[in-house]
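For reference, the structure discussed in these notes is given below.
The values are calculated or read from the model by the stated rules, or taken from the named source; none is laboratory data. Everything numeric here is computed off the predicted structure, so don't read it as measured data. Cβ placement follows ideal geometry from the backbone for every residue including glycine, while neighbour counts extend to all protein chains displayed.
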Amino acid sequence: MAIPKRSELELDQLVLVVQKQDQRSGELTEGLIKRFLTKSPQHPHGIKVMLDTGEVGRVQSIVVED
């Protein structure tokens, strides 16, 4: 699965991010995008965002709701 580009992401979108302290384990955190912290259109490790909970991480995938 490819890491989403910034153009594929929107505010208040449900995503899975990997936080800095979880990079080794690969543990993902689910949340809604509150702010974009990466200005470039793409990043090899994922676009860095702040979630509505205040947690910061790099987007690994978009959660598709049925």
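Couple of notes before you dig in:
- Across the stretch 1-43, the qualifying residues are those that are of a type in the set (A, V, I, L, M, F, W, C) and without any contact (Cβ under 8 Å) to a residue 40 or more places away in the chain, and the one among them that is nearest to residue 64 (Cα to Cα) is 32.
- Note on the stretch 9-34: residues that are over 10 Å from the mean Cα position of the chain (by Cα) and closer than 15 Å to residue 53 by Cα total 3.
- When 63, 17 are checked against the criterion of being at pLDDT 95 or above and surrounded by 15 or more Cβ atoms within 10 Å (Cβ to Cβ), 17 stands alone in meeting it.
- Residue list for the stretch 24-66, filter: part of a strand (DSSP E or B), more than 13 Å from residue 9 (Cβ to Cβ) and polar (S, T, N, Q): 29
- Residue tally, condition in contact (Cβ under 8 Å) with a residue 40 or more places away in the chain and closer than 15 Å to residue 2 by Cα, over the stretch 44-66: 10
- Counted residues, the stretch 31-48 - those being surrounded by fewer than 13 Cβ atoms within 10 Å (Cβ to Cβ), of a type in the set (D, E, K, R) and touching a strand residue (DSSP E or B) at 6+ places or on another chain (Cβ under 8 Å): 1
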